[in-house]
Amino acid sequence: MSTSAPRSVVSELRARIARLEGRTAHQRAVLPFGLAAIDRILPEGGLLRGALHEVAGGGNGAVDGAAAALFAAGVAARGGGKVLWCMTRADLFAPALAQAGLASARVVYVECGDEKALLACFEEGLRHAGLGAVVAEVSRLSMTASRRLQLAAEASGTLGLAVRRWRRQTEAADFGMPTAATTRWRVSAVPSAPLPVPGVGRPRWLLELIRSRAGECADFIVEACDDQGRLALPSSLADGQGAKDVGRRRASV
Amino acid sequence: MLGDAAPPSETPLVLVGREGRRREIVAADAAAQRAGLRIGMAASKALALVRDLVMRDAEPDADLAALDRLALWALRRYSPIVATDPPDGLVIEATGATHLHGGEAAMLADMVARLKAAGLSARAAMADTWGAAHALARFAARPTLVVPAGESAAAIMALPIAALRLPATIVDSLRRLGLDQIGDLERTPRAPLALRFGSDIGRRLDQAMRRLSEPIDPIRPAEIAEVRRQFPEPISAAETIARYIARLVDELCILLEARGQGARRLDLLCHRVDARMAAVRVGTALPVRDARRLTQLLTDKIETIDPGFGIELMRLAATIAEPLSEKQTISDLVAPPEADIRDLIDTLSNRIGGDRLYRIVPVQSDVPERCVARAAPASPDAGASWSGLWPRPARLLASPEPIETVALLPDHPPVTFTWRGVRRRVRRADGPERIFEEWWRSDAELDAVRDYFRVEDEQGERFWIYRAGDGEHGETGSQRWYMHGIFG
């Protein structure tokens, strides 16, 4: 129980910082993952809604952005509301988004000619307060551009998801450059859940939280979005952590 | 237009008009021209030459009225600045209007195709000036021609002088002097020509070469709601323009309300003191009469207005207006109302083009690339979805890419495959999911099948590959393997 005192101090400090930053209560709305292991790491207990979050694929995913797009689709699906999806390459396959919980009726696609137009559309979507989330597939994201997007998201309370996707593998080094995004994730495909019979099990991802404002980094092995957009922890991992939790709870009762 | 009363196209048809005391041909169709009839030929001679000639009286007034209707169509469809160029042309100011139609060449092609569908054979050219475009459309376009900016003057040098919009008598006299092409005229000293023929030649030449400006006076049909504001002192600051846009929109909304209409398309024309014009066109997906929203759409585009030395007159017209009546809505006390994003859709489509914004709707088809279709972003939701039994990849390649495989026939997934130069060993696989092609579309698809497999390589990357054919029968496909998509 010794951890409770610092925790209240920390939360009070956080509230004071938030006041200094001039944010109001409704902008602190949070979209939790519903997985204690991930939500515990994030300082707000989930993805902050009025904020910009970055997602990129690892390995070949930096070019095809398939897992990153599905991760973003899952988040947008759980967030509710209409979704604006800005892109320059129209190779997204809508049935896959529907299988990740994002029904086709909820998505409006914007196919932009170049990155500049894409960032303008992204920002316009974030400024408009009527959307649930705005997803944009961008390759370059400068500090200035991301700051504008972050401010636009803060002003409207809309969730902004930048799916970083590059033309070539070598350009992915750009992901190391700092941006104003609140969190930064990397999603890489890893071998799926083993099945007792031949076949491909539920896809698994290595989900790395590379940067988190006022929070710690972490990585998780998760099972990909189900048809409601929810991630899951692989059963072996979940058992291990669950057992620990159970033990602690028993001890405190 | 004769419509259904027109004779079949193989019958020669001419229109006859009166030139002084003599009746002569003023227009001849392709069949008549093949039979040797020419414009300007006497009507009696034509009758003697061709036996089954159909002859109608020319109706210049009706032609002009039809041209006006065509101009109105072009105004609504293509650009805010359109004028008639009698007797047989339209002139369209395309600056700032082409990007909404996929570029200059695509806009002209679209225009000619649409006119052809309506039974009109048209030619279109795009150039720096009215004069050059007029000349190129009539003497060089097959059937469309886009001359890059700055090259119009060179492009018209080899065209005949008749292209210059000069009276026929002057063209004839010039030909007698040995001047056939515009280039000849350009190299001839100006003063003797002006002394003999007046100032027309120099003026038309300068207009075509962009040495003299030639403003287009756009048509403004009476049925279009329009408001205008004249400025005693020309304005040029962006803030001032924005303020007056807001006032004009307010006035226009009052006018539209009296008519029970909402605007689908707004044209803002700014007349500059140097007799040029800057135009802004915005469109909406559904009729709108909300002054704040319309103002927002117009002020969004303010940076495209070049005020030059100042704007002296602003005109705002609802080029396309549709009925709009106020509707009473019942508010739901429990669920929060669905947010309205139509204004966002309008803003974005005005910025990047309406066809770049879409929703994807399901189509009843098993073939992956055919099971999605684009629909207008504001279209109502039909509630349909794909039958989601089999997993689908997040990214679908635009066209399947051939891969090298080692696989057991007929129904095993590959053991290894090479895609884009990278060899991958298959660890796990699911399939086959057999998709039959659609025999009702073409004979080639009658027996064709594709066997799809979901494969996972050693790194855990998952791909969607297929074999064209069932692995046993040659008529079902080439039995080659293709990469079609990437799962996350």
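Every read-out reported here was derived from the displayed coordinates using simple, explicitly stated rules and does not represent laboratory data. Because the structure is a prediction, the values reported are computed rather than measured. No Cβ is skipped: glycine too gets one built from the backbone with ideal geometry, and neighbour counts run over all protein chains shown.
Taking every residue in A:188-199, how many Cβ atoms of other protein chains lie within 10 Å of its Cβ, on average?
On the way: counts 4, 9, 4, 9, 8, 0, 1, 2, 0, 0, 4, 6.
Mean shielding count: 4.
Can you tell me the orientation of helix B:130-139 relative to chain B, as the angle in degrees between its alpha-carbon axis and the longest Cα principal axis, to the nearest 10?
That helix lies at roughly 80 degrees to the long axis.
Put +1 on the Cβ of every Lys and Arg and -1 on every Asp and Glu Cβ in chain B; which of B:A194, B:T240, B:V449 then has its Cα farthest towards the positive end of the dipole?
Farthest towards the positive end: B:A194.
Can you give the three extents of the C-alpha atoms in region A:1-159 along their principal axes, from longest to shortest, in whole Å?
52, 31, 29
Please sort by residue number the trypsin sites (Lys or Arg not before Pro) in region B:42-119 whose DSSP state is loop and whose Cβ has at most 14 other Cβ atoms within 10 Å.
Values: sites: B:K45, B:R51, B:R56, B:R69, B:R76, B:R77, B:R114, B:K116; in loops: B:R51.
Counting only loop positions with at most 14 other Cβ atoms within 10 Å, the trypsin sites (Lys or Arg not before Pro) in region B:42-119 are B:R51.
Name the residue farthest towards the positive end of the dipole of the protein assembly as shown from the options A:A77, B:G262, A:A181, assuming +1 on Cβ of Lys and Arg, -1 on Cβ of Asp and Glu, about the Cα centre.
So the residue furthest toward the plus end is A:A181.
How fast does region B:225-323 diffuse by Stokes-Einstein, in µm²/s, taking the Kirkwood radius from C-alpha pairs at 37 °C and 0.692 mPa s? Each step should come with its number before you reach the end.
Working: Rh = 13.3 Å.
Estimated diffusion coefficient is 247 µm²/s.
Roughly what % of DSSP beta bridges within the protein assembly as shown run antiparallel, to the nearest 5?
On the way: 96 of 128 bridges.
Expressed as a percentage, antiparallel bridges in the protein assembly as shown total about 75.
From the phi angles alone, apply the Karplus equation (6.51, -1.76, 1.60; θ = phi - 60°) to region B:390-400 and give each ³J(HN,Hα) in whole Hz, x where the residue is Gly or Pro.
After applying 6.51 cos²θ - 1.76 cosθ + 1.60, I find 9, x, 10, x, 6, 10, 10, 5, 4, 9, x Hz.
If I take every Cα pair under 8 Å that is 6 or more residues apart in region A:110-196, average their sequence separation and divide by the length, what percent do I get for the relative contact order? Don't skip to the answer; put the middle values down first.
Values: 89 pairs, mean separation 24.5, N = 87.
28 percent.
Calculate how large, on average over all directions, the projected area of the Cα convex hull of region B:3-58 is; give the answer in nm² to one decimal. Provide the component values of the computation, followed by the final result.
Values: hull surface 14.3 nm².
Result: a mean projected hull area of 3.6 nm².
Roughly how far apart, in whole Å, are the Cα centres of region B:97-118 and region B:247-278?
25 Å
Over region B:395-486, with a single point scatterer placed on each C-alpha, what log10 of the ratio I(q)/I(0) does the Debye formula yield at q = 0.14, 0.20, 0.21 1/Å?
The computed values of log10 I(q)/I(0) come out as -0.47, -0.91, -1.00.
Which of the GluC sites (Glu not before Pro) found in region B:428-488 are loop residues per DSSP with 14 or fewer other Cβ atoms within 10 Å of their Cβ? Before the final figure, lay out the partial values.
On the way: sites: B:E433, B:E437, B:E438, B:E445, B:E456, B:E458, B:E461, B:E472, B:E475; in loops: B:E437, B:E438, B:E458, B:E461, B:E472.
Sparse-neighbourhood loop GluC sites (Glu not before Pro): B:E438, B:E458, B:E472.
So what's the protein assembly as shown giving for Rg/Rh, alpha carbon basis, Kirkwood Rh from the mean inverse pair distance? Walk me through the numbers on the way to the answer.
Values: Rg = 33.2 Å, Rh = 31.0 Å.
Rounded to two decimals, Rg/Rh equals 1.07.
Can you work out the base-10 log of I(q)/I(0) for region B:1-106 at q = 0.11, 0.14, 0.21, 0.22 1/Å, using the Debye formula on its C-alpha atoms alone?
Values, matching the q order: -0.49, -0.70, -1.03, -1.08.
Going by amide H atoms built from the backbone, whose H comes under 5 Å of the H on B:L212, apart from near neighbours?
It is B:Q207, by chain and number.
Is there a quick way to get the dipole size of region A:22-252? I mean about its Cα centre, with the Cβ of Lys and Arg at +1 and of Asp and Glu at -1; what is the value in debye to the nearest 20?
Using only the charged Cβ atoms, the result is roughly 540 debye.
Under 8 Å for C-alpha pairs, at least 6 residues apart: give me the relative contact order for chain B, rounded to a whole percent.
Values: 812 pairs, mean separation 39.1, N = 488.
So the answer I get is 8 percent.
Once phi is turned into ³J(HN,Hα) by the Karplus curve 6.51 cos²θ - 1.76 cosθ + 1.60 with θ = phi - 60°, what whole-Hz value does each residue of region A:48-60 show in order, with x for glycine and proline?
Going residue by residue, I get 5, 6, x, 7, 9, 10, 10, 9, 9, x, x, x, 5 Hz, with x marking Gly and Pro.
I need the chymotrypsin sites (Phe, Trp or Tyr not before Pro) found in region B:395-488, filtered to DSSP loop residues with at most 14 other beta carbons within 10 Å of theirs.
On the way: sites: B:F417, B:W419, B:F436, B:W439, B:W440, B:Y452, B:F453, B:F463, B:W464, B:Y466, B:W481, B:Y482, B:F487; in loops: B:W439, B:W440, B:F487.
Filter output for region B:395-488: B:W439, B:W440.
Suppose every K and R has +1 on its Cβ and every D and E has -1 on its Cβ; what is the size of the dipole of the protein assembly as shown about the Cα centre, in Debye to the nearest 20?
On the way: 97 positive and 93 negative charges, 305 e Å.
Charge dipole, the protein assembly as shown, about its Cα centre: 1460 debye, nearest 20.
If you place +1 on the Cβ of every Lys and Arg and -1 on the Cβ of every Asp and Glu, how big does the dipole about the Cα centre of chain B come out, in debye to the nearest 20? Present the calculation step by step, with values, prior to reporting the outcome.
Numbers: 65 positive and 69 negative charges, 290 e Å.
The dipole of chain B has a size of about 1400 debye.
Would you work out which of B:I305, B:A285, B:A31 lies farthest towards the positive end of the dipole of the protein assembly as shown? Charges go on Cβ: Lys and Arg +1, Asp and Glu -1.
B:I305
Against the empirical 2.2 N^0.38 Å scaling, what ratio does the C-alpha Rg of chain B come to?
Details: Rg = 30.8 Å, N = 488, 2.2 N^0.38 = 23.1 Å.
Dividing the Cα Rg of chain B by 2.2 N^0.38 Å gives 1.33.
Need the full-extension length gain, B:D57 to B:E433, defined as separation in residues times 0.36 nm minus the C-alpha distance. One decimal, nm.
Numbers: separation 376, 0.36 × 376 = 135.36 nm, distance 6.82 nm.
Between B:D57 and B:E433, full extension yields an extra 128.5 nm.
Using only the alpha-carbon atoms of region B:64-208 as identical scatterers, what base-10 log of I(q)/I(0) does the Debye formula give at q = 0.10, 0.12, 0.14 Å⁻¹?
Scattering profile of region B:64-208, log10 relative to I(0): -0.37, -0.53, -0.70.
Taking 0.36 nm per intervening residue step and subtracting the Cα-Cα distance, what contour gain separates B:S121 from B:L47 on full extension? Kindly include the intermediate steps, with their values, before the conclusion.
Working: separation 74, 0.36 × 74 = 26.64 nm, distance 2.57 nm.
Computed gain between B:S121 and B:L47 is 24.1 nm.
Can you work out D for region B:127-264 in µm² s⁻¹ from Stokes-Einstein, where Rh is the Kirkwood radius over C-alpha pairs, the temperature is 25 °C and the viscosity is 0.890 mPa s? Walk me through the intermediate numbers first.
On the way: Rh = 18.6 Å.
Answer, rounded: 132 µm²/s.
Mind listing the Cα extents of region A:22-252 along all three principal axes, in Å, largest one first?
Principal extents (largest minus smallest coordinate, Cα): 53, 46, 36 Å.
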